[in-house]
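See structure below.
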Amino acid sequence: MGFRMPSILHAKQILKLQSLLTRSQLSISSTTVEVPKGHFAVYVGEAEKKRFVVPISYLNNPSFQKLLSHAEEEFGFNHPMGGVTIPCKEESFIDLTSRLNSS
């Protein structure tokens, strides 16, 4: 029986995500809109995915981290679309990011 070190585990997940984002940004095709420095692409939706570009600072927010944990459980961190896939309703994602922008 083992136990988890939440802060170490959390740091490893962020580093893993940052590594994925770097690889994904390098493989963006010329037809895709560039992702500005300090941002990353996420694909949001339950059936049809819509692309959003959000600030990396969202990775520090507990609500966004919880959303990413759910995404990891469902999809893992291997994303053929070139960004993180978040399986939630688009309206819920917009609501969360609006609250993050206003704080």
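Close Cβ contacts (under 8 Å, 6 or more residues apart or on different chains) running from residues in segment 87-103 that are open to solvent by 100 Å² or more (accessible area, probe 1.4 Å) to residues that are in a helix (DSSP H, G or I) comprise Arg99/Ser63. Residues in segment 25-67 that are of a type in the set (Ser, Thr, Tyr) and at pLDDT below 90 were compared, and the one that is nearest to Gly83 (Cα to Cα) is Tyr43. Scan segment 70-87 for residues that are at pLDDT 80 or above and assigned to a helix (DSSP H, G or I) and the total you get is 4.
Filtering segment 40-54 to residues that are assigned to a strand (DSSP E or B) and either crowded, with 16+ Cβ neighbours inside 10 Å or among the hydrophobic types (A, V, I, L, M, F, W, C) (or both) leaves Phe40, Ala41, Val42, Tyr43, Val44, Phe52, Val53, Val54.
The values are calculated or read from the model by the stated rules, or taken from the named source; none is laboratory data. Quantities reported herein were computed from a predicted structural model and do not represent experimental measurements. Reconstructed Cβ throughout: ideal geometry from the backbone, glycine too, with neighbour counts over all protein chains shown. All accessible areas refer to the heavy atoms of the entire protein, side chains included, with ligands and DNA or RNA removed. Shrake-Rupley method; radii C 1.70, N 1.55, O 1.52, S 1.80 Å.
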